[in-house]
Amino acid sequence: MDVAEILTATPGFSSLAVAPPPSTPSPALATAELGLLAPTYPLPRLELVSGRGARVVDISGREYLDFVSGIAVNAFGHAPPGLARALAQQLRTLSHCSNLFANGPAIALARELTQATGYSQVFFCNSGTEAIEAGLKFARAARAGREGNEVLAFRGGFHGRTAWALATTWNPPYREPFEPLVPGVRFADFNDVAGLDAALDAKVSTVIVEPVQGEGGAIVARPEFLRAIRARATALGATLIFDEVQCGMGRSGRLLAAEHFGARADITVLSKALGAGFPLAAVLMTAAVAQALAPGMHGCTFGGSPAAATAGLWVLDKVRRPGFLARVRRRARHLEAGLEALASRHSALSETRGLGLLLAVEVSPDAGFGAPELVLAAREQGLLLVRGGQRAVRLLPPLDVTEAEIDQALAALDQALAALEAKAAVGEGT
């Protein structure tokens, strides 16, 4: 069966209706943002007003298939049944009580997370960046009194935009406007096992790495690479942090992406999908790390609030239901096969990659267009995607995406690529 047959043989791939491209520039841009919001994003942006499952509607009434999922936050799509009810019930009793007092939902979520992952203790905060900062502090505390306090991070990695998290983030445009950053961070090549001996020495107290580099473009760690990091960190007494902010909470097809690799960190950071859209992050730690902490060493006013913890409990219950993660893996294989078929059909795509439902396509340098153009062209076909790395575009559907929705996304991406390739060919001929 050739590539065209693979594409058309997928049920509904070529026959599903895809939203037609607008004949004029979208009236759904939020022009009211201009002059009101700090210009930290490209403004004006598409203005979304509602969503249900894997679909969203903009302010002009146009519907899109959402394969951004709030950048991997909306694990169960938009307005998932049951979440509003659980939150409303909690909000009627206690929404926030600060870190001066305990609350039942946070205790329950900590219990469920430790039982599900095997870690000993949890620290709750609001976002992935904040959790990375906390994890780096906890790792430093666990190493107190020992020689060496440098941090080893990896090229292509993204860990956030606050001071220490940014210092461990590789992307130069993110870093350079704010230098000098927190000192003592060194970088090594991702997936380079041979280079670890030189990069990870006795001066390093902490290693931080993503099992799948999300913003870097869905670049998957090699199992032997993570296992080599674990072995060398153990030998040197360094604390290993896995950043699973994007790849965790079932997106890889396992609760933790690390389960695919046969390696375990001393600290694992979760956020994004954990809160179902509410600000929530969790720093999972071993007993050895937790023993280094004491009251007053760190804190978070909003961390583990009853409302956010209720959302976390709701998500964790859904992800851990029997058969759910197996279904995620099946859907991932279906999407991956479709993307590979597209790459075989379109020379503009040089590679497909990723793990689970964190996948990406790489645009060839010779395509005549780049990742931003592909994101826009897909949007014109009714499909929302997000960039990753310099030339990659990520696909991050809800974890409960259907095969029909995957087929529709593939059809839209196929049409977007065809339109861009045709335009590039015209440009070459003029």
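The values are calculated or read from the model by the stated rules, or taken from the named source; none is laboratory data. Predicted model only: the values in this text are computed from it and were never measured. We place every Cβ from the backbone using ideal geometry, glycine too, and count neighbours over all the protein chains shown.
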Exercise. Restricting attention to region 172-206, and to residues there that are of a type in the set (A, V, I, L, M) and not in a loop (DSSP other than H, G, I, E, B), which single residue is surrounded by the fewest Cβ atoms within 10 Å (Cβ to Cβ)?
Worked result: 198
Exercise. Looking at region 198-218, is at least one residue at pLDDT 95 or above, closer than 30 Å to residue 74 by Cα and among the acidic types (Asp, Glu)?
Worked result: yes
For this session: For region 202-210, indicate whether the set of residues that are polar (S, T, N, Q) and over 24 Å from the mean Cα position of the chain (by Cα) is non-empty.
Result: yes
Exercise. Here are 80, 44: which of them is in contact with a strand residue (DSSP E or B) (Cβ under 8 Å, 6 or more places away or on another chain) and modelled with pLDDT under 95?
Worked result: 44
For this session: Filter region 262-271 for residues that are over 23 Å from residue 149 (Cα atoms) and buried (at least 24 other Cβ atoms within 10 Å of the Cβ) and give the result.
Result: 270, 271
Exercise. Out of all the residues in region 127-135, is one or more among the hydroxyl-bearing types (Ser, Thr, Tyr) and either free of Cβ contacts under 8 Å to residues at least 24 places away in the same chain or not in a helix (DSSP H, G or I) (or both)?
Worked result: yes
Problem set entry | Criterion (in contact with a strand residue (DSSP E or B) (Cβ under 8 Å, 6 or more places away or on another chain), under 30 Å from residue 254 (Cβ atoms) and buried (at least 20 other Cβ atoms within 10 Å of the Cβ)) met by exactly one of 399, 374, 410, 417 | 374
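Residue by residue, here is whether (1) surrounded by fewer than 17 Cβ atoms within 10 Å (Cβ to Cβ); (2) out of contact with any helix residue (DSSP H, G or I) (no Cβ under 9 Å at 6 or more places or on another chain); (3) within 17 Å of residue 276 (Cα to Cα) holds:
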| position | (1), (2), (3) |
| --- | --- |
| 288 | yes, no, no |
| 296 | yes, yes, no |
| 301 | yes, yes, no |
| 312 | no, no, yes |
| 315 | no, no, yes |
| 318 | no, no, yes |
| 336 | no, yes, no |
| 352 | no, no, no |
Exercise. Can you name every residue in region 211-228 that is under 22 Å from the mean Cα position of the chain (by Cα), in a helix (DSSP H, G or I) and of a type in the set (A, V, I, L, M, F, W, C)?
Worked result: 225, 226
Problem set entry | Considering residues of region 328-369 that are of a type outside the set (A, V, I, L, M), in a helix (DSSP H, G or I) and touching a residue at least 12 places away in the same chain (Cβ under 8 Å) only, the residue farthest from residue 422 (Cα to Cα) | 329
For this session: Six or more apart or on different chains, Cβ under 6 Å: which pairs go from a residue in region 370-390 that's under 16 Å from residue 63 (Cβ atoms) to one that's surrounded by fewer than 22 Cβ atoms within 10 Å (Cβ to Cβ) and not aliphatic (A, V, I, L, M)? Could you list them?
Result: 380/21; 381/415
Exercise. Can residue 53 be described as at pLDDT below 95, closer than 26 Å to residue 396 by Cβ and surrounded by 13 or more Cβ atoms within 10 Å (Cβ to Cβ)?
Worked result: no
Problem set entry | Subset of region 136-153 [assigned to a helix (DSSP H, G or I) and small (Gly, Ala, Ser)] | 139, 141, 142
Exercise. Do the conditions hold for residue 102, that is, is it over 19 Å from residue 279 (Cβ atoms), assigned to a loop (DSSP other than H, G, I, E, B), of a type outside the set (Phe, Trp, Tyr) and modelled with pLDDT of 95 or more?
Worked result: yes
Seminar exercise, completed: For region 285-339 the number of residues that are within 29 Å of residue 358 (Cα to Cα) and touching a Cys at 6+ places or on another chain (Cβ under 6 Å) is 1
